[in-house]
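Have a look at the structure below, then the notes.
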Amino acid sequence: QVQLVESGGGLVQPGGSLRLSCAASESVFSIYFMGWYRQAPGKRRDLVANIFSPDTIQYTDSVKCRFTISRDNANNTVTLQMNSLKPEDTAVYYCNIITFGRATYWGQGTQVTVSS
C-alpha cells in the first residue's frame, strides 16, 4: 500500500505562495530524516529542505528565507511552505522519508509551476 501521499502543488505567479504537504501512514515510524526534493525536466533531483531527527533543519541556499519546512508529529506529516516563488522554483517536488531502520519512502511527486 501507499505510505506517503503528497498534495498542494499547482500554478502560481512569481511572488506567490504554495504549501506542500506529505502525509505518511501510521506504519511509517521511527523516522530519522524527512525531506523535500525537486526535479526539473532533464535535471537531477536536488534536496531542497530537510529535518534530521530530532529537530535539525537544513535548507539549500537558493530557498533560504523563502521556504519553511515543518513537521506535525501527531499526524505524521511534513510540510513545505513556499513564499516569494520564482520561475526557477518550477519542478516536480518529492517528499522523502528515511527511518532509523534505513527504510526509504518516496512520495508520488507534485508539480509546482511558477509563471506569469
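The values are calculated or read from the model by the stated rules, or taken from the named source; none is laboratory data. Quantities reported herein were computed from a predicted structural model and do not represent experimental measurements. Using ideal geometry, Cβ is built from the backbone for each residue, glycine included, and neighbour counts are taken over all protein chains shown. Just the protein is used for accessible areas: all its heavy atoms, side chains included, with ligands, DNA and RNA removed. Shrake-Rupley method; radii C 1.70, N 1.55, O 1.52, S 1.80 Å.
Ignoring ligands, DNA and RNA, what accessible area per residue does the chain give at 1.4 Å, in Å²?
On the way: 6510 Å² over 116 residues.
For the chain, the solvent-accessible area averages 56 Å² per residue.
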* Asked: Roughly how much of Ile51 is accessible, in Å² to the nearest 10, using a 1.4 Å probe?
  -> 10 Å²
* Structure fact -> In nm, the gap between the two label points placed 7 Å beyond Cα toward Cβ at Thr56 and Gln1 is 3.3 nm
* **Solvent-accessible surface ranking, highest first, for Arg71, Arg19, Arg38 at 1.4 angstrom** => Arg19, Arg71, Arg38
* Hey, what do the phi angles of region 82-88 turn into as Karplus ³J(HN,Hα) couplings, whole Hz, using 6.51/-1.76/1.60 and θ = phi - 60°, x for Gly and Pro? -> 10, 10, 6, 5, 10, x, 6
* Asked: Contour minus end-to-end for Ser25 and Thr99, with contour as 0.36 nm per residue of separation and end-to-end as the Cα-Cα distance?
  -> 25.3 nm
* Structure fact -> Ranked by GNM mean-square fluctuation in the chain (Cα springs under 10 Å), the top entry among Asp89, Asp72, Asp46 is Asp72
* **Free-standing Cys, the chain [no other Cys Cβ under 4.7 Å]** => Cys65
* **region 59-112 - charge dipole about Cα centre, Lys and Arg +1 at Cβ, Asp and Glu -1, debye rounded to 20** => 100 debye
* Structure fact -> Expected field for Val5, accessible surface area in Å² at 1.4 Å probe radius, rounded to 10, holds 80 Å²
* Structure fact -> Scoring region 33-99 by relative contact order with C-alpha pairs under 8 Å, at least six apart, yields a percentage of 40 percent
* Using only alpha carbon pairs under 8 Å that are at least six residues apart, calculate the relative contact order of the chain and give it in whole percent. => 36 percent
* Expressed as a whole percentage, what fraction of the accessible surface of the chain belongs to carbon and sulfur atoms when a 1.4 Å probe is rolled over the protein heavy atoms? -> 48 percent
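Run the numbers for Ser116 and Cys65: contour at 0.36 nm per residue of separation, minus the present Cα-Cα distance, in nm.
That works out to 16.1 nm of additional length.
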* To do: Just grab the label-to-label distance for Glu88 and Gln39, each label 7 Å out from Cα along the Cβ direction, in nm (one decimal).
  => 2.2 nm
* Structure fact -> For region 64-73, in residue order, the Karplus 3J(HN,Hα) values (coefficients 6.51, -1.76, 1.60; θ = phi - 60°; whole Hz; Gly and Pro = x) are 4, 6, 10, 10, 9, 9, 8, 9, 10, 5
